[in-house]
Amino acid sequence: MFGMNNSILKINLSKEEIVTEELEDELLNQYVGGRGLGVRLLCDNLKKGVDPIAPENILIFTIGPLTGIPLPTSGRFSLVTKSPLTNTIMHSNSGGFWGVEFKKCGYDALSITGRLENYKGYLVIDGANTEIKDAKGIWGLTTAKAVEKLIDLEGKCQVLVIGPAGENQVRIASIMNQAHRAFGRGGVGAVMGSKGLKAIVVKNGTKKFRAQEPDHLRKLNQVASDKIKVFPVTSQGLPLFGTAVLMKVINAFGMLPINNNQRGSDDRIDSVSGEALREKFLEKDEGCYSCPIRCGRLTNTGEMKGKGPEFESLWALGPQCGIFDLKTITHANYLCNDYGVDTISAGNTIACAMELQEKNLLKDNSLRFGNIEIMCDLIRRIAFKEGVGKDLAEGSLRYAQIYNGKQYAMQVKGMELPAYDPRGAMGQALNYATSNRGACHLTGYLIAMELLGVPKLIDRLSTGGKADQLVLKQDQSAVEDSLVVCKFVGFALGLDFQVRFLQAVTGREYTIAELIKIGNRIYTLERLFNVREEISRKDDTLPERFLKEPLPGGRIVPLESLLDEYYHVRQWDENGVPTGELLNNLNLSMLH
């Protein structure tokens, strides 16, 4: 496929074997790249029932046909593996510059299996040459110090790295991109740590990216850039306040989870808003490769400095735990980045512990809502599995089960919920329940329509038509993750722009309907993986709080009827298994 390298770099750490293989055009035509390519590679090569932290699990990084092309937000790349937190398929994506540099080295995918047995190592992809090196002196370092050390050793480079949390196989560990961007969710850092791999360095790539129709692409890029500059979210909200611009918005809808989802708003919200973060701690904004939005926040509290916090992190480490001290939250966020801990899961798991204490199911008075004194220390304890951190490191579901309080774990399939209470938006509730990777807002961001009115406003509390809208949004999201582009650009540019971009790069004719079908193929294949791992309707559920206790101004979630409609639209049977007719239509029958 034009725009791709048609090449995969495969590394078996157990054998210390490095090989390059060709990727067939048909595979790329069926799955595009990015998330779709990673999902297909995992499904083809990972056997049923493999322990996610066993050597046999596969860690796959992929780029897409738009990665590195001079188009808005074209710097992203994807990760796919099996999650140690959920035992489901796990996909994640990140921005920055690593993906572009990797593509310059001549590859579309990196597949890592096995485990280094005799030493801890790191991987160096140096142009067309790849080498496994000893991580002595780097293993054990925080992410920031490890990146600094690797740049000293390797020169100018881009680095994916795990912190102590990944090394200790914490189930909520992230892989950090250049120390402050995250491949978050699902414990992917634990997978990398289980392989004895500290970092993946890329440098010295010389491959040039060309489009089949460069003149047409330049014109499209100009039109797209102009749209981004005039759309309020991408021209004002995100550039001024970053993702934290949402804090006051979601609170105003009564959907911001407070104290482990016991409330949906709080009068103290101004103290932890995006506006407050900008006023008190912002040093400057920053952005990823080819990004005109620049939503990143480089911040400094006077005691510590770093990146963020983003909206989800600000909420999870703050209001979800009853904490409204901006400095404490910001420091906790820095530590999560430095230790390589997922902020959403960490905050939710701590909030779960706080409610268990409130309900007298555990005896630890320090674990109380609003206690700012313990937050930063808890992050460290989680990363090193020390004391109470050893159990918190397992995530909220496993932690709550220790105290017979599963109902206080705000999770789906084992993964903690993001910052939108599902009782205030029925489409988002259904998305949490049906997301293949567990509770996730990005696999089908209906919040855009239910709250923000993009591209149109729909009734957030209505259930009518939500399944159709969600399925379309989930399939579109799978395509965006496969191209790979940032979700934020979708506020200003619809899928019609992505179709034109893809056509100009590849020279192949595409339609919106064809891309949606590709998205459906990717989403269905993910479901097939989960069905193989014995995920079914029983797992497409929500914590009982959302099914029995309404929020003020909200409602309980009528999940069973929503699921029936969703399965019907998806062409899955009553247990959530894709039908043979659907598999034939998507060319997936041979994989079932």
Could you pull the Cα extents of segment 478-581 along its three principal axes, largest to smallest, in whole Å? 52, 39, 21
Per the helix-only calculation at 222 nm, which mean residue ellipticity applies to the chain, given -39500 (n - 2.57) for every DSSP H run of n ≥ 4 and division by its residues, nearest 500 deg cm²/dmol? -11000 deg cm²/dmol
Residues of segment 557-592 with the amide nitrogen closer than 20 Å to a label point 7 Å from the Cα of N29, along Cα-to-Cβ, please. 583-591
As a test, work out the antiparallel percent of DSSP beta bridges whose residues both lie in segment 7-203, rounded to the nearest 5. 75 percent
Percent antiparallel among DSSP beta bridges (both partners in segment 100-216, rounded to 5): 70 percent
Just grab the label-to-label distance for Q407 and L298, each label 7 Å out from Cα along the Cβ direction, in nm (one decimal). 4.9 nm
Inter-label distance for E560 and D325, nm, one decimal - labels placed 7 Å from Cα along Cα-to-Cβ: 4.6 nm
Select one label from (i) 0.93; (ii) 1.12; (iii) 1.24: the one whose number is Rg/Rh (Cα atoms, Kirkwood Rh) as derived from the coordinates shown. (i)
Give, in nm to one decimal, the length gained when the segment between A513 and D215 is fully stretched (0.36 nm per residue of separation minus the Cα-Cα distance). 104.7 nm
Taking a ≥ b ≥ c as the square roots of the eigenvalues of the Cα gyration tensor, with a/c under 1.5 meaning rounded and otherwise prolate when a/b exceeds b/c and oblate if not, segment 213-258 is prolate
7 Å from Cα along Cα→Cβ at both E279 and K156: what's the point-to-point distance in nm? 4.1 nm
Which of the peptides 386-395, 60-69, 561-570 is most tightly packed, and how do the rest follow, judged by the mean count of other Cβ atoms within 10 Å per residue? 60-69, 386-395, 561-570
Dipole in debye (nearest 20) - segment 267-353, about Cα centre, beta carbon charges: Lys, Arg +1; Asp, Glu -1: 160 debye
For the charge dipole of the chain, defined by +1 on Lys and Arg C-beta atoms and -1 on Asp and Glu C-beta atoms about the Cα centroid, which residue among L28, T434, C105 has the Cα displaced farthest towards the positive pole? C105
Taking the Kirkwood radius as the inverse of the mean 1/r across Cα pairs, report the Rg/Rh of segment 51-171. 0.95
Antiparallel versus total DSSP beta bridges in the chain: what percent is that, nearest 5? 80 percent
Rounding to the nearest 20 debye, state how big the charge dipole of the chain is about its Cα centre with +1 on each Lys and Arg Cβ and -1 on each Asp and Glu Cβ. 700 debye
Compute from the Cα atoms of segment 241-416 the Rg and the Dmax, the latter being the longest Cα-Cα distance, and quote both in angstrom. 15.7, 51
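Read the figures in this text as sums done on the coordinates, not as results from a lab. Here the structure is a predicted model, which is why all the values come from computation and not from measurement. As a convention, Cβ positions derive from the backbone with ideal geometry for all residues, glycine included, and neighbour counts pool all protein chains shown.
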